[in-house]
Amino acid sequence: MEEVPLEALEAPRSPVRGSQDPEGAAGARITVDSPEAMQALGRSIAGLLRPGDLVLLTGELGAGKTTLTRGLGEGLGVRGAVTSPTFVIARVHPSLRGGPALVHVDAYRLGGGLDEMEDLDLDVSLPESVVVVEWGDGKVEDLSDDRLHVVIARAVGHEEVLDDVREVTVRGVGRRWAAPGLLAGLGAVTAG
């Protein structure tokens, strides 16, 4: 895996480093070449997470959102197999080692914004858990001023879509993620 800075979107590859977007949010772009590498990226991101963190995952069907979340669960040391919560909407995976629980939400079938999400009591779970919401853009941002946005896109090379290759953009929003370099090492950690 390799990471390219957000401001160098035209460059196919560059040294591993993070960047700052114009709004001051920390960010990183990582090329992931397999499901195993996506899971490894999840484990790396988990090393940065703490209770109260909100993670929004965006990407088309089959992009790797649940695979990344599986890696988050491994990195957080939670109980239970992390699978897509599409039909149950949310699953809670308690920690096996005294860390935060992982609350995994799939908002795909939920049409409304935060009002519809209120029935899930995510605001109650958030302070002591890591809450990961697939398809959460435009629905749960009001839960926290500090959040991590992960966008997964299929990579395109020349004229074909590269099957397992994904471009992952990780962007921190808010004070929690404002520290320079906080996300910069993700590509290096997952490449090893």
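For this structure, a couple of remarks:
- Where a residue in region 51-64 is closer than 16 Å to residue 34 by Cα and its partner, wherever it lies, is assigned to a strand (DSSP E or B) and of a type in the set (D, E, K, R), with Cβ under 6 Å and at least six apart: 64/166
- Looking at 91, 154, 147, just one residue is modelled with pLDDT of 80 or more, within 29 Å of residue 33 (Cα to Cα), touching a Leu at 6+ places or on another chain (Cβ under 6 Å) and open to solvent by 30 Å² or more (accessible area, probe 1.4 Å), and that residue is 147.
- Applying the condition of being closer than 21 Å to residue 59 by Cβ and open to solvent by less than 30 Å² (accessible area, probe 1.4 Å) to region 94-111 and asking which residue is modelled with the highest pLDDT yields 102.
- Test: residue in region 170-192 that is outside any loop (DSSP other than H, G, I, E, B), among the charged types (D, E, K, R) and at pLDDT below 90: no
The values are calculated or read from the model by the stated rules, or taken from the named source; none is laboratory data. For clarity, every value in this text was computed on a predicted model and none was experimentally measured. Every residue, glycine as well, gets a Cβ built from its backbone with ideal geometry; the counts of neighbours run over all protein chains shown. Ligands, DNA and RNA are stripped out before the accessible areas are found, and what is left, the full protein with its side chains, is counted by its heavy atoms. Shrake-Rupley method; radii C 1.70, N 1.55, O 1.52, S 1.80 Å.
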